[in-house]
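The values are calculated or read from the model by the stated rules, or taken from the named source; none is laboratory data. In this text the structure is predicted, and so the values were computed from the model without any measurement. Neighbour counts run over all protein chains shown; Cβ positions are idealised from the backbone, glycine included.
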Amino acid sequence: MQSKSEYNLSSLSFKTKSKRDIIVDATDEATKRFGTHFLERIYTPKGLATVIGVYKDNLWVWLDIDPGPSYWDNITSSIFDYPGFTKSDDVNFPDELKKYLPPKLDFFNLLANIDNYSSDTLGLLLREELNKSPRLMAQQLALLFQEFEKLSAADIEILAEEEALDEKGFKAATDYPSITAFDKLSKDFNVILEGFQSQLALLTQQMKNLDEEKAPQLYGFLAGKKLQLEQICKESQQIAQKLPIISTESAHYKDINRFLRFNRLLAAILDVFYDYSMDSKTPDQIDAYVDGSIQLAQFLYAHGQQFLEDNPIKANDKNKQELSESLNALETTLLFLLLSGSRLPAAQAGAIYFRLLDEINSSKGKLEIPPSSFNLAHFSQQNPQDFIRLYQRFFLTAGPFKQKIDELLNKANPILLTEVGKLAVYYARAKERMVNSHSRPGEGLEIKYYLQMGVSYLLRALRSGHPLITCEIDAILSTDSEMPCSTAMATELARSFSETNQLKKARSYLRLALKSHQSNPKDTGDDKTSAEQMTHRLELLEIKLDILEKTGDEQQYAINTLIKRAKQQDKEAEILYCQLQLTVPAVALAAIFQWKAGTGILSLGIIKLAEKIDPAVAAWSLNQYNIRILDKKPDLGLVSQAVLANFEPAIIELNDLLNSSHVFTSSDKDIISSVLSTADIWQHIDPPNLVKLILKTRGSDILLEDDLNKFMCSMAHAALPDSQKHFKFLAIILKDLRNLLDTPGLITFLYAIKRTQISIKTDIELPAAIAAHLIQRCLHSDNDKALIHSFMDQFLTVYPAFGLDLREDAKALEIIQQSDQLTLLLNQISCDSEKKMEQITGTSQSALVSLSLFNPANDTGSTAPIPSPMEMHSM
């Protein structure tokens, strides 16, 4: 594949379907015997294809379904003479083929090699470039026209001198020697001439010294040579005199050839700008196209007459010749003025209109204003007769211009629709001003016709959906009080401004549309829209703006209304609902709940948008999306995010996940650690499920000792709003996981039990479990035994009910009786325990100080209560 500087149609490199490298000749000369040209799209027996070029006397084409070009070996003449081969209007080249096209358009390179391109190929290349990058096309136009402006007036006059020249007699510019080559040739020839003249002078001198009578034969021979030299010198002098003239003429014809090339390139550029489709184009692409149109309008105003009007140089291709015969320079300039919308500088637009008015011999001279002050709307109001003549001359008179305008209007160019619609309204208003008692019958109907036609064009332009057009028509309506705005137009303006989030303007046009529709329901301003359809459309638009503008209950009401309509098989409501799901967070959130309820669809875009206002619900829905749509495993991290926000479906899902056979891996370590250390998460887990999680992950790389300590700390020091629930958590740990608690941990958990103010007898198995763990810790070591005895001595004093519960549980008492000291402490419990508690409450020091491994500051969940003095001793 060649770089842009090497791009040569006579030697293009391709990799074939079979991965073989070939170099094809894609010039018009090579492909013409096959009746086609480079990049022509054709139908073949195997489907759509693109003509590439000639290699080894075969025509190579690139089928859309193939990875590279191939050929039919039986095709030796025009390809369309063979069955199954026809031309195609398709211009969508496959992406793989586009890699072989010039990577970047260079008008100067194109101009230098334009003789190698057929008209069709040239048009295809320019059209592809304009579609792909109108911004680059506009930049190239600017460079090309800047270079053109550097030409001298004498160069421009060349175009006017060649009326009698036959363009077919021109050679390619490279066939003409350069001026430098002529200068060298002239110098070399003068040296040769001087040599001849020296030889002649020498021969003349020798003949003077020779006696003719003594050597008649020699003298006669020399006389003959002298005559020959004289003739040679004479002819050489004549040639030497002509060389500068020939040099000048050669340069002259090279300039002519250069203008022919420019002429041809300009014609091709005009054609592709005419054919440009704005469908599916971005605002930036349309903006760039308008920039290009502006440059063309300016260039045509300044130089168009040298190419398109009274131009004696005939075009060297059919398309350009047809253009020359159809549109003159002024008409083409007007067309590009219209294609520029309102973006053309006022002075330039005014100058063009002045020239148009000169064409119809109007009385514009009475205006006495500079072109920059010219305003077409004001002119149509102040000079209605002249405007009528102007409009009739260019837009109503059958001819090339009207034909081209109609052709482009049929292609629905929204910029042209806007401008022509505006002019039609101005024409109708001008006709109104001229109506009098002498007006012909039917004048009113004609005015109404053109008024409706103008509004219809403006409506079609608005429905293209381009923000540029919306702003253009809004500006027209804002500055011209005579410009009508139908219900349909106001509705489209409101819709369009709502798309670009200009809600104030959207609401303003919605009010205008509602007012217009209420005053005259049957006149919608659009033949294709009934009164009922307009009512429905306005209702939906009002719902949309309420969703976009309002908040809280008002917004939610509008969302619910839209969802209700969508469920009722309202197609327009369904479309709007789907659009807003991806643009409005509140609608995206509503869509998630609808999907949860079994209606609607869910996408990653909806989830991401909903995250802006409710991360918890978004996290839960993303997990559900992964499971149900992408068939992935549950993500504990996503579920936990939703649980943290008390989202009930996520709480259910978390418990189901922990109760299932789901296997956790080391990749879940961080999230499991976070779950266990955050009370706002684990408080929503059913206690048995919490035990299962710890048993599943303990002892592996997932739940380490430090993680377990953080969990126990969080459990002991949490301040859950539901004491009953907290008690159940503490109880199940003391029953099923008590082996994970050391002595300080047991003490901390018993203080947590006390804070719940719930009797341990509430859980029938708990007293025995606590008794067993007290005995187990006493047997662990003498230090633990001393710590337990000291703890129980003080704890039973401040919490005698705990001792009574242990004594009243036969199984627990039997276990406690394994320790005489603990048995003694239980037996000492009496009815005056409260008095004793008051006596020792102030104690601030004990042997329990700093023994607890659990620090409330480690808790990342709910705010912990202030511990009692005895509990502080165990910390």
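Residues that are aliphatic (A, V, I, L, M), in contact with a Ser or Thr (Cβ under 9 Å, 6 or more places away or on another chain), farther than 30 Å from Lys515 by Cβ and free of Cβ contacts under 8 Å to residues at least 24 places away in the same chain: does segment 568-585 have at least one?
no
Run down Arg507, Arg495 and say which single residue is surrounded by fewer than 21 Cβ atoms within 10 Å (Cβ to Cβ) and not hydrophobic (A, V, I, L, M, F, W, C).
Within the list Arg507, Arg495, the selection yields Arg507.
Output the number of the condition that Thr678 fails; it satisfies all remaining conditions of (1) of a type in the set (Val, Ile, Thr); (2) out of contact with any strand residue (DSSP E or B) (no Cβ under 8 Å at 6 or more places or on another chain); (3) more than 17 Å from Gln641 (Cβ to Cβ).
Result: Thr678 fails condition (3) only.
Scanning for something surrounded by fewer than 20 Cβ atoms within 10 Å (Cβ to Cβ), in a helix (DSSP H, G or I) and of a type in the set (Ser, Thr, Tyr), does segment 772-793 turn up at least one residue? Step through it out loud before you land on a result.
The initial filter retains those residues of segment 772-793 that are surrounded by fewer than 20 Cβ atoms within 10 Å (Cβ to Cβ), namely 772, 775-776, 779-786, 789-790, 793.
Checking which are in a helix (DSSP H, G or I) leaves us with 772, 775-776, 779-780, 782-786, 789-790, 793.
Those still in the list that are of a type in the set (Ser, Thr, Tyr) too: 790.
Yes: one or more hits.
Checking the conditions here, which among Ser667, Ser661 is polar (S, T, N, Q), outside the structural domain of Ala786 (by TED's automatic domain parsing) and assigned to a helix (DSSP H, G or I)?
Ser667
Would you please name the residue that is surrounded by the fewest Cβ atoms within 10 Å (Cβ to Cβ), looking only at residues in segment 754-771 that are charged (D, E, K, R) and in a helix (DSSP H, G or I)?
Among those that are charged (D, E, K, R) and in a helix (DSSP H, G or I), it is Lys761.
When both residues are 6+ apart or on different chains and their Cβ atoms are under 6 Å apart, which pairs have a first residue that lies in segment 115-131 and is of a type in the set (D, E, K, R), and a second that is at pLDDT 85 or above and assigned to a helix (DSSP H, G or I)?
Here the result reads Arg127/Val272; Glu129/Met137, each pair linking segment 115-131 to a residue that is at pLDDT 85 or above and assigned to a helix (DSSP H, G or I).
Mind checking which residues of segment 732-777 are aliphatic (A, V, I, L, M) and touching a Pro at 6+ places or on another chain (Cβ under 8 Å)?
Once the filter is applied, which keeps residues that are aliphatic (A, V, I, L, M) and touching a Pro at 6+ places or on another chain (Cβ under 8 Å), segment 732-777 yields Ile732, Ile760.
How about segment 424-481: which of its residues are without any contact (Cβ under 8 Å) to a residue 40 or more places away in the chain and aromatic (Phe, Trp, Tyr)?
Within segment 424-481, Tyr449, Tyr450 qualify.
If you check Lys544 against the conditions, is it of a type outside the set (A, V, I, L, M, F, W, C), surrounded by 18 or more Cβ atoms within 10 Å (Cβ to Cβ), under 32 Å from the mean Cα position of the chain (by Cα) and at pLDDT 90 or above?
yes
Take the residues in segment 595-606 that are over 25 Å from the mean Cα position of the chain (by Cα) and buried (at least 18 other Cβ atoms within 10 Å of the Cβ); name whichever of them is farthest from Leu622 (Cα to Cα).
Here the answer is Gly600.
Considering segment 716-725 alone, what residues qualify as being in contact (Cβ under 8 Å) with a residue 40 or more places away in the chain and assigned to a helix (DSSP H, G or I)?
Scanning segment 716-725 gives Ala716, His717, Lys725.
Identify the single condition in (1) out of contact with any helix residue (DSSP H, G or I) (no Cβ under 6 Å at 6 or more places or on another chain); (2) of a type outside the set (Phe, Trp, Tyr); (3) modelled with pLDDT under 90 that Pro688 does not satisfy, given that it satisfies every other one.
Against the list (1) out of contact with any helix residue (DSSP H, G or I) (no Cβ under 6 Å at 6 or more places or on another chain); (2) of a type outside the set (Phe, Trp, Tyr); (3) modelled with pLDDT under 90, Pro688 comes up short only on (3).
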